[in-house]
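The values are calculated or read from the model by the stated rules, or taken from the named source; none is laboratory data. All values derive from a computational prediction rather than experimental measurement. Ideal geometry is used to build each Cβ from the backbone, glycine not excepted, and the neighbour counts take in all protein chains shown.
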Amino acid sequence: MASKVLIDMIKLREFLSRNPEETLPEGLFYPYLNINGLKTIRELAIFRYTCRRCKEAPCIDVCPSDALEKDETGIITRHTNLCVSCKSCVTICPFGTIMTDFFTHQRNRDLLYDLNDEKELKKFVEASPEGTVIITDAGESPEKNIYSLNDRILIREYMYPSEKE
Ligand code: SF4
Ligand code: SF4
């Protein structure tokens with residue numbers, strides 16, 4: 001089995017709560033020519049796994065630019081071309097789903113790593129807080145709170161019941 005990247009959202013959140021001023025490095029799987037409009041792996045993971053999929057999502061209601069949209073499964077997408085980085089959604093989310101550094105890091109090219117490049121992948125692991133990003137041959141393991149985001153990325157996150165049903 002090819003190696004995968006395991007991003008531990010639980011440890012990352014703990015790190016950010018201890019170090020609120022820190023900006024985390026971000027892994028990407030595509031070129032980042034338009035760095036203002038990119039989607040990081042962490043953003044995809046947050047909306048797929050961390051978000052509780054509220055029935056009446058306050059984040060969507062509060063967004064001043066209609067940048068957040070929910071699909072039929074309850075997963076939210078942020079339209080980066082509409083988002084004005086006001087962070088109202090961060091403030092209003094009752095579950096602290098959206099990490100506070102979510103919007104500022106995306107403009108710092110020095111913190112972006114192309115995970116298609118083995119050297120960059122190694123640098124990404126080294127730049128991440130200790131133990132939060134690892135290379136592994138393991139697979140999905142729900143009993144350990146580990147889930148596949150795609151064929152290269154594993155996410156460790158607590159899964160809460162969704163409100164969508
Ligand atoms: S308010 Fe928070 S938990 Fe609820 S849908 Fe929005 S981001 Fe998800
Ligand atoms: S940061 Fe502001 S504009 Fe962007 S998605 Fe959140 S509420 Fe909407």
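Some notes on this structure:
- Residue that is nearest to LEU44 (Cα to Cα), among those in region 54-90 that are out of contact with any strand residue (DSSP E or B) (no Cβ under 9 Å at 6 or more places or on another chain) and small (Gly, Ala, Ser): GLY74
- Residue in region 57-64 that is at pLDDT below 90, surrounded by fewer than 12 Cβ atoms within 10 Å (Cβ to Cβ) and not in a helix (DSSP H, G or I) present: no
- Comparison of THR91, THR77, THR97, THR73 shows that the only residue that is within 16 Å of ligand 2 (Cβ to nearest atom) and closer than 21 Å to LEU154 by Cβ is THR97.
- Of all residues in region 52-69, those that are within 27 Å of GLU14 (Cα to Cα) and either within 11 Å of ligand 2 (Cβ to nearest atom) or free of Cβ contacts under 8 Å to residues at least 24 places away in the same chain (or both) total 7.
- Screening the candidates GLY96, GLY131, GLY74 for the property of being of a type in the set (Gly, Ala, Ser), at pLDDT below 90 and within 18 Å of the chain's Cα centre (by Cα) yields one hit, GLY96.
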